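What follows draws every value from the coordinates through simple rules; no lab data is involved. All values reported here derive from a predicted model rather than from experimental measurement. Because the Cβ atoms are built from the backbone with ideal geometry, glycine has one as well, and the counts that use them run over all protein chains shown.
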Protein chains: 2
Amino acid sequence: MSDSEHDWLRPAEQDETETVIDADTAQGDPQVAETVAKIKSLRQSIDNVDTAIVSLLAERFKYTSQVGVLKARAGFAPADYKREDYQIERLHRIAVDAGLDPDIAEMYREFVVTEAKRRHKRIADAGGDPGILDVFA
Amino acid sequence: MSDSEHDWLRPAEQDETETVIDADTAQGDPQVAETVAKIKSLRQSIDNVDTAIVSLLAERFKYTSQVGVLKARAGFAPADYKREDYQIERLHRIAVDAGLDPDIAEMYREFVVTEAKRRHKRIADAGGDPGILDVFA
């Protein structure tokens, strides 16, 4: 699906049946056209950031899959609360330094740690053999 | 908090009062010591990935904050479902290419879009002026 039409911009606060600002309307109003162009440019940057983050998440889950296999084979538990405390403190600090709301960093951490643990448990239940899970764990 | 002690590794399946594998136990068993060393190395890589992702999230929320201000000033709605469909399809494709479970990419997308929308709405409610929100929005 293309993002190139401008009909994805809807004016707010028009009861429930929001109308759509299409390319013609945008062309007709130079100020609207400028806003639309700025939003498009920002969205391209957002998409580039998402590409980088999804690629990094792929690497992260490869690492945690390896940790899951090592833990399961050694009989270690999937959860590790000291490690989590360490990560919470660390990511909070990095977020503040980077100008990010630390709540966002904590939501990110919870999301990846919860998913990693869930996958660790599946690996452990399978006797330490990630099997088909290895591809996506 | 340091991650350097080995007491963060607990054997699984020992009722609720899990005992802890400390540095001495790990030293005493070469195989356990090797597993612990491997996990530590992987965790360092995981931490490096998290540093990169949190830094990128900081940039992402700066961009979406700018989009929020532009939308609010122009009277556009915070939500944009065509844009979301585009992102869902795009991130699914990138995840598969990267060897990441597409469900993880979709969870990531939901998390950032939900937060961005919530912040857009706050900006809109404040009349397009991000004010104090600008720092973290």
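Take A:E59, A:E34 and order them by how many other Cβ atoms sit within 10 Å, fewest up front. Present the calculation step by step, with values, prior to reporting the outcome.
Details: A:E59 18, A:E34 13.
Least crowded to most crowded, the residues run A:E34, A:E59.
Take B:D50, B:D125 and order them by how many other Cβ atoms sit within 10 Å, fewest up front. Can you show the working numbers first?
Details: B:D50 20, B:D125 10.
The order, fewest Cβ neighbours first, is B:D125, B:D50.
Between B:E84 and A:R73, what is the label-to-label distance in nm when each label sits 7 Å out along the Cα-to-Cβ direction?
Going by the 7 Å Cα→Cβ label model, 4.3 nm.
For the pairs A:K40/B:K121; A:K121/B:K117; A:K40/B:K117; A:K40/A:K117; A:K121/B:K82, note any where the Cα-Cα span goes beyond 26 Å.
Values: A:K40/B:K121 19 Å; A:K121/B:K117 33 Å; A:K40/B:K117 17 Å; A:K40/A:K117 37 Å; A:K121/B:K82 37 Å.
Check vs 26 Å cut-off fails for A:K121/B:K117; A:K40/A:K117; A:K121/B:K82.
Neighbouring Cβ atoms within 10 Å as the yardstick, rank A:T51, A:T64, A:T35, A:T114 fewest first. Write down the numbers at each step before the final one.
Working: A:T51 16, A:T64 25, A:T35 21, A:T114 11.
Ranking A:T51, A:T64, A:T35, A:T114 by Cβ neighbours within 10 Å, fewest first, gives A:T114, A:T51, A:T35, A:T64.
Summing +1 for each Lys or Arg and -1 for each Asp or Glu, what net charge is found among the other residues whose Cβ lies under 10 Å from the Cβ of A:L70? Numbers along the way, then the final one.
Numbers: positive: A:K71, A:R73, B:K38; negative: B:E34.
Net of charged neighbours comes to +2.
Check which residues have an amide H placed less than 5 Å from A:F76's amide H, if you skip close sequence neighbours.
B:A12
Could you work out, residue by residue across A:72-79, how many beta carbons of other chains sit within 10 Å of that residue's beta carbon, and then give the average as an integer? The partial results should precede the final answer.
Values: counts 1, 2, 12, 9, 11, 7, 2, 3.
Mean partner-chain Cβ count within 10 Å for A:72-79: 6.
Peptide B:95-103: average number of partner chain Cβ atoms within 10 Å per residue? Could the numbers behind the result be given before it?
Values: counts 5, 2, 4, 9, 7, 11, 9, 2, 2.
If you average over the peptide's residues, the count of other-chain Cβ atoms is 6.
In nm, what is the difference between 0.36 nm times the number of residues separating B:T114 and B:N48 and their Cα-Cα distance? Write out the running numbers ahead of the final one.
Details: separation 66, 0.36 × 66 = 23.76 nm, distance 2.57 nm.
Result: 21.2 nm gained on full extension.
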